[in-house]
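Below you'll find the structure, written out as structure tokens, and then a few comments.
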Amino acid sequence: MSIAIDQPVPEDLRVPATGDQTLGPADFRGKIVVLYFYPKDSTPGCTNESRDFAANKAAFDAAGAVILGISRDSVKSHENFRSKQELPFDLLSDADEQLCEAFDVIKMKNMYGKQVRGIERSTFLIDADGVLRQEWRKVKVSGHVDEVLEAVREMAGS
């Protein structure tokens, strides 16, 4: 069962994260959560998307929002990616696809003429009460972070 707009995000969704933590959306009650799913650490599109979120972190902070990136990569891979790109937010490792399945982001994709299962680049906006309020699927990186920031500001009333 996937999480739908205007439905609460289940409290028990927790996965390993950078900084030797186990985190999930419920850990951020009282804050707006931007949860962005990306296919793979250190690939061009994922790097650009992560850099865009990082470049706008102060604006997200000012609106009371937390940014969390998530992929199926290991915590070690995330730590390397986060360090190399100087990402000022945590990355979640969903190797068992628990969050990926809950948010229905695993899709069949064409890669070099072959069908492969992978994460469809998607972003979810969760309000301070833990309710999913907005989603972006099949995200194109260019301009995406600006659109998410605008939605966060509207939600925050700022």
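The values are calculated or read from the model by the stated rules, or taken from the named source; none is laboratory data. The structure displayed is predicted, hence computed values, not measured ones. Every residue, glycine as well, gets a Cβ built from its backbone with ideal geometry; the counts of neighbours run over all protein chains shown. Keep in mind that these areas ignore ligands, DNA and RNA; they rest on the heavy atoms of the full protein, side chains included. Shrake-Rupley method; radii C 1.70, N 1.55, O 1.52, S 1.80 Å.
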(request) Would you calculate, for the chain, the mean residue ellipticity at 222 nm contributed by helices, counting each DSSP H stretch of 4 or more residues as -39,500 (n - 2.57) and dividing by all residues, to the nearest 500? (result) -8500 deg cm²/dmol
(message) Given axes a ≥ b ≥ c from the Cα gyration tensor, I'd like to know whether the range 21-81 is rounded (a/c under 1.5), prolate (a/b larger than b/c) or oblate.
(response) oblate
(request) Go through the range 71-79 residue by residue and turn each phi into a ³J(HN,Hα) via Karplus (6.51, -1.76, 1.60, θ = phi - 60°); whole Hz please, and just put x for glycine and proline. (result) 8, 8, 5, 6, 4, 4, 4, 4, 4
(message) What is the percent carbon and sulfur in the accessible area of the chain, measuring with a 1.4 Å probe over the protein chains and ignoring ligands?
(response) 47
(request) For the pairs 40/114; 57/114; 84/140; 31/109, note any where the Cα-Cα span goes beyond 28 Å. (result) 57/114; 31/109
(message) List the residues, sorted by chain then number, that are 5 or more residues from residue 95 or on another chain and whose placed amide H is less than 5 Å from its amide H.
(response) none
(request) Go through 32, 92, 111 and say which Cα lies farthest out towards the positive end of the charge dipole of the chain; charges sit on Cβ, +1 for Lys and Arg, -1 for Asp and Glu. (result) 111
(message) Could you give each residue of the range 34-44 its phi-based ³J(HN,Hα) in whole Hz, using Karplus coefficients 6.51, -1.76, 1.60 with θ = phi - 60°, and x for Gly or Pro?
(response) 9, 10, 10, 9, 9, x, 7, 4, 6, 9, x
(request) Quick one: grab the alpha carbon gyration tensor of the chain, order the square roots of its eigenvalues as a ≥ b ≥ c, and give me rounded if a/c is under 1.5, else prolate or oblate depending on whether a/b is larger than b/c. (result) rounded
(request) May I ask you to evaluate 6.51 cos²θ - 1.76 cosθ + 1.60, the Karplus curve with θ = phi - 60°, for each residue of the range 94-100 and list the ³J(HN,Hα) values in order in whole Hz, giving x for glycine and proline? (result) 10, 4, 8, 6, 4, 6, 4
